[in-house]
Amino acid sequence: MAFLDDFLARIDSLPQELYCKYSLMRNLDKTLQALQRKNEQRCEREVEEIRRGVESGNITPDTSHIRFSNEALDEQKRCMTIADEKVSLAQKAYNMVDAHIQELDKYLKKFDEDLRRERELTGAHVVEEHNVGGSVRSGKAGESNRGRKKSRLTTATEAPCMDLELPVDPNEPTYCFCNQVSYGEMVACDNPDCKIEWFHFGCVGLSEQPKGKWYCSDCAGTQKRRKAR
């Protein structure tokens, strides 16, 4: 968790840094608004003076005097400069936040990889313990399974959890119509020649161990044909 502690230490100063930049932007905005009002008033006065000069004949329509003063133009340039400073501050504030977000994304990705690796190691450990413990999953073709009819097969959990992306042991036997490894509760077909033998409750529509003999759908048809003879 050293990375997380380091990240939290660096992000701790982010609110204050953003506050400083936003305060500068607010001050620049006040200065800009005041300068814009002053420039508008100046331009209005100069336009009025030009209009009066034209009406009095002192200024002809094609004279070079029909233009804003240098002061008005300078104020306009200053307004543009202040506006550019505001944009620059806003961009810097955005970049600061974006840098922390990207760093957090890297941490979350690393955390997810570590968590998946831990789950894989845990899953491999569970599979190893289950096989060493002499589970009936040691081989569905073995005759030793025949003496365990109607018994429950369970793994470390009562239900499958396929979302964990646990590694699959290629040597681990599979069962049922779904051709998956054993998990949860399972039932054995009472036909000694059943090719599958063990079935998951959910795959054959069972919620509890059946009473008496039970045959899978494949073997049930075989039993009916034998009786019909």
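7 Å from Cα along Cα→Cβ at both residue 117 and residue 178: what's the point-to-point distance in nm?
Distance between the two pseudo-spin positions: 3.1 nm.
Per 10 Å bin, what is the whole-percent P(r) computed from every C-alpha pair distance within region 75-126?
21, 21, 18, 15, 12, 8, 4, 1
On the accessible surface of region 175-229, probed at 1.4 Å, how many percent belong to carbon and sulfur atoms?
47 percent
Taking amide hydrogens as modeled 1.01 Å from N in the peptide plane, which residues meet the under 5 Å criterion relative to residue 214, leaving out close sequence neighbours?
190
The values are calculated or read from the model by the stated rules, or taken from the named source; none is laboratory data. Note that the structure is predicted; figures quoted are calculated from it, not measured. Reconstructed Cβ throughout: ideal geometry from the backbone, glycine too, with neighbour counts over all protein chains shown. With ligands, DNA and RNA removed, areas are computed over all heavy atoms of the protein, side chains included. Shrake-Rupley method; radii C 1.70, N 1.55, O 1.52, S 1.80 Å.
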